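Comments concern the structure below.
Just so it is clear, none of the values below were taken in a lab; they were calculated from the coordinates. Fair warning: this is a prediction, and the values are worked out from it, not measured in the lab.
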Amino acid sequence: MLVELAWRWLHLQPHSLMTQWFNRRFAGGGKRMRRAGIVALARRLAIALWRYLEHGEIPRPEPRSSRRLPEIPGSTGYACNALARNTSS
């Protein structure tokens, strides 16, 4: 059900940050990449819903920075890149 919701999100919210994230990361890939990406988007939507219901947090746009932080070479995970951001300060 969450995956179906995520597909609808892409169609109904084309300008949202989550849709832009999905398009940047997965839309250019093949069918298998899009399937993996839609599951990731469904998880993000579920987390955003949980935060809204539990804490009343409305998802806010991520701050745009003119400076891109370096990513760890060969990493694809969020945790590795978050570590790079914490150690580069």
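Table for the structure above
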item	result
Computed lengthening from residue 23 to residue 3, 0.36 nm per intervening residue step minus Cα-Cα distance	5.6 nm
Calculated P(r) of region 2-62 - Cα pairs past 12 Å, %	68 percent
Karplus 3J(HN,Hα) series, Hz, for region 46-55 with 6.51 cos²θ - 1.76 cosθ + 1.60 (x for Gly, Pro)	5, 5, 4, 5, 4, 4, 5, 6, 7, 10
